[in-house]
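Student: Before I ask anything, let me first share the structure, which is written out below as C-alpha cells.
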Amino acid sequence: MLTLHYNPLTISAATAIILEELEVPYTPILVDFRENAQQSPAYLALNPKGRVPTLQTPQGVLTETGAILEYLAAQHGPHLIPAAPFQAARMRETMYYLASTVHVNYAHAMRGPRWADLESSWADMTAKAPHTIAASLAYLEGHLDYAPFAIANSLTLADPWLFVLTEFATRLQVDIAQFPKLSAHHLMMNDRYAVRNARVKGMIP
Ligand SMILES: N[C@@H](CCC(=O)N[C@@H](CS)C(=O)NCC(=O)O)C(=O)O
C-alpha cells in the first residue's frame, strides 16, 4: 500500500492526479502547513527536506515529484511515458523545466526568506514572481504540442504537473487567457475524471 503525504495547495496534487489516473489505491495524509507540520520531527524523519510530496512505498520513502511519478509509471502505468525515446526525452525536458524553473519562480512569491534575509527583498521577489511565471508559461505556450496533451496525443507524466503549475499561476493573478493553448490544456485536464476525483478527495482545492 502507498501512503501520500500531501497538502492540497501544493505540487503534491500532481502525484495525486497520477495515482487517480492509474487507479492505484493510496492512503493520503495531510501535512498541515498552517501548523508547520512539514517541519515536525516526525515528518522530518520521513522527509528531511520538509516538503511535500512524500510517498511511502513498500520499498521505502520517495521524495521529488519527478522521481515519484517515474516510480508510479514504472510500477503501474508505463503508458504514461512515451515509447519513442525522443518523445520520452521531451516529456522529461518539460518535467525538469517545471520543477527547476516554473515551480521555483512560484516559490519566490511566498518563500522569500529561503533566499534572502531582508524583508524588502521578499517584497521584491513577491512582486516579480507573476512576471517570471508568465515568461515561463509563454515559453511553454510555444514549446509544447497541445495535441491535446503536452507531448502529442496521449497523457504523460508532464500533463498533471503542467496543470498544477498553471493553477499556481492563476493564484498569483497571472492571466492564463493570454496563452490559449495552455488555457485549453488546463480546461481539458480540469475536466478529467482523475482530476475531479482528486478534488473530491481533497487532494486539490
Ligand atoms: N522539487 C520538489 C519541490 C517540493 C516543494 O517545494 N513542495 C512545496 C510545496 S509546492 C513544499 O512542500 N513547501 C513547504 C515549505 O517550503 O515549507 C518537488 O518537485 O517535489
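Quick note: the coordinates plus some simple rules give every number you see, no bench work behind them. Keep in mind that what you see is a predicted model, and the values were worked out from it rather than measured. Cβ: placed from backbone, ideal geometry, glycine included. Neighbour counts: every protein chain shown.
Student: Output ³J(HN,Hα) for segment 5-21: one whole-Hz value per residue in order, computed from phi by the Karplus curve 6.51 cos²θ - 1.76 cosθ + 1.60 with θ = phi - 60°, and x for Gly and Pro.
Tutor: 8, 9, 9, x, 8, 10, 5, 4, 4, 5, 5, 4, 5, 5, 4, 5, 4
Student: How much of the DSSP bridge set in the chain is antiparallel, in percent, rounded to the nearest 5?
Tutor: Bridges in the chain that DSSP calls antiparallel: roughly 60 percent.
Student: Roughly how many debye, to the nearest 20, is the charge dipole of segment 80-192 about its Cα centre, given +1 on each Lys and Arg Cβ, -1 on each Asp and Glu Cβ, and no other charges?
Tutor: 180
Student: On a straight-distance basis, which lysines could pair with Lys181 in a cross-link, Cα separation under 27 angstrom, same-chain partners fewer than 8 positions away excluded?
Tutor: Here the lysines satisfying the reach criterion relative to Lys181 are Lys128.
Student: Under a 5 Å amide H to amide H cut-off, with H placed in plane at 1.01 Å, what residues pair with Leu2 once short-range neighbours are removed?
Tutor: Answer set, sorted by chain and number: Thr27.
Student: Further question: Residue by residue through segment 192-205, what is 3J(HN,Hα) from phi via Karplus (6.51 cos²θ - 1.76 cosθ + 1.60, θ = phi - 60°)? Round to whole Hz and write x for glycine and proline.
Tutor: 5, 4, 4, 5, 5, 5, 4, 5, 4, 7, x, 7, 9, x
Student: Amide H of Ser154: which non-local residues (sequence gap of 5 or more, or other chain) have their own amide H closer than 5 Å, using H built in the peptide plane?
Tutor: Amide H neighbours of Ser154: Phe149.
Student: What list of ³J(HN,Hα) values in whole Hz, one per residue of segment 116-127 in order, does the Karplus curve 6.51 cos²θ - 1.76 cosθ + 1.60 (θ = phi - 60°) give from phi, with Gly and Pro shown as x?
Tutor: These are the phi-based 3J(HN,Hα) values: 8, 9, 7, 4, 4, 5, 4, 4, 5, 5, 4, 5 Hz.
Student: Hey, another quick one. Rounded to whole Å, give me the distance from the Cα center of segment 152-187 to that of segment 51-118.
Tutor: The two parts, judged by their Cα centres, are 16 Å apart.
Student: Would the chain count as rounded, prolate or oblate if I go by the C-alpha gyration tensor, calling it rounded below 1.5 in a/c and otherwise prolate when a/b exceeds b/c, oblate otherwise?
Tutor: Oblate, since a/c reaches 1.5 and b/c is not below a/b.
Student: Still on this structure, please answer the following. Decide, for segment 80-192, between rounded, prolate and oblate: order the square roots of the alpha carbon gyration tensor eigenvalues as a ≥ b ≥ c, take rounded if a/c falls under 1.5, and otherwise choose prolate if a/b is larger than b/c, else oblate.
Tutor: Judged from the Cα gyration tensor, segment 80-192 comes out prolate (a/c at least 1.5, a/b above b/c).
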